[in-house]
Amino acid sequence: MEIIRGKQVSLIDASTLAERLAGYDVVHIDIGTGDGRFVQYIAQTCPTCFVVGIDACRENLREVSRCAPGNTLFVIANALKLPPELHGLAAQFTINFPWGSLLNGLLTNDPSLLADLVAVASPYAGLDVRLNGGALAEAGWSLEQGADRVRDVLTANGFGVRPPIALTARDLRSLPTTWAKRLAFGRDPRAVCLRATRQADSMVFTAGALQETYPA
Ligand SMILES: C[S@@+](CC[C@H](N)C(=O)[O-])C[C@H]1O[C@@H](n2cnc3c(N)ncnc32)[C@H](O)[C@@H]1O
């Protein structure tokens, strides 16, 4: 798969990735990571985690990836075609404020997206999806209906999903993503978080502690 560090783009195969992951307790994957600020935060606050940021837009990833901590990797990929090298790795993953095809895939139950999300998740992986009112309105949904729709889609794809948690402007201000800050200080700060767990018969969920390190 294609990775980026600053201006340098290269390929990494599964065995080299496995070497990079050795010794880390948890792999966290942030899909639609934007400028990667959230990845940097998780990596710095949780040194035993290896954090992978994925975005389709390579320009977004240049700045943070240039001097990112050793426990991070930035991958250039479309979420609708996630690299097989990532399959089964994520004990925790996040989708923060999706728009475009990423949001559309969640709303339409696009099998390309949902099958890949399931594929990268390890059993009992935790998934946090944060949705904002403006992006949903552009896609033709109210915040409430859009959140319910995404919840139904995740449920239909084998995730146990708790009821949406409303995010206040204060929550958004303290959330370490660039888009959360923009929303918090913008005209439409309405947002919700959906917390999900991949359902599986075996294995123990190990990433719960991560979920307490920043607001829903
Ligand atoms: C509103 S921004 C949020 C960025 C970041 N998560 C944050 O909270 O600051 C949405 C991001 O999703 C990415 N995105 C949209 N569709 C995507 C897709 N199909 N695959 C990968 N990334 C996608 C965009 O490139 C953009 O960086």
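The values are calculated or read from the model by the stated rules, or taken from the named source; none is laboratory data. No experiment lies behind these values; they were computed from the predicted model shown. Here the Cβ is made from the backbone with ideal geometry for all residues, glycine too, and neighbour counts use every protein chain on show. Note: areas computed on protein heavy atoms with side chains; ligands, DNA, RNA excluded. Shrake-Rupley method; radii C 1.70, N 1.55, O 1.52, S 1.80 Å.
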Rounded to the nearest 500 deg cm²/dmol, what is the calculated helix-only ellipticity per residue at 222 nm for the chain, with -39500 (n - 2.57) per DSSP H run of length n ≥ 4?
-10000 deg cm²/dmol
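So between S174 and Q199, what do we pick up on full extension, going 0.36 nm a residue minus the alpha carbon distance? Before the final figure, lay out the partial values.
Values: separation 25, 0.36 × 25 = 9.00 nm, distance 2.95 nm.
Full extension of this stretch gives 6.0 nm more.
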Heavy-atom accessible area per residue - the chain, 1.4 Å, Å²
45
Working note, region 72-113: Cα radius of gyration (Å, one decimal) and Dmax (Å, whole number) are 11.0, 31
Taking all pairs of distinct Cα atoms, average 1/r, flip it, and tell me the Kirkwood hydrodynamic radius of region 56-189 in Å to one decimal place.
15.9
Give, in nm to one decimal, the length gained when the segment between S142 and I165 is fully stretched (0.36 nm per residue of separation minus the Cα-Cα distance).
6.8 nm
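If r is the Cβ-Cβ distance from S10 to D188 and R0 is 30 Å, what FRET efficiency results, to the nearest 0.05? Kindly include the intermediate steps, with their values, before the conclusion.
Numbers: r = 39 Å, r/R0 = 1.30.
Approximately 0.15, to the nearest 0.05.
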Could you give the distance between the Cα centres of region 122-137 and region 1-64, to the whole Å?
19
Output the Kirkwood hydrodynamic radius of region 24-126, Cα pairs only, in Å rounded to one decimal.
13.5
Please go through region 118-206 and write out the trypsin sites (Lys or Arg not before Pro) that DSSP classes as loop and that have at most 11 other C-beta atoms within 10 Å.
R187
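Out of the total accessible area of region 6-122 (probe 1.4 Å, heavy atoms of protein only), what percent is carbon and sulfur?
53
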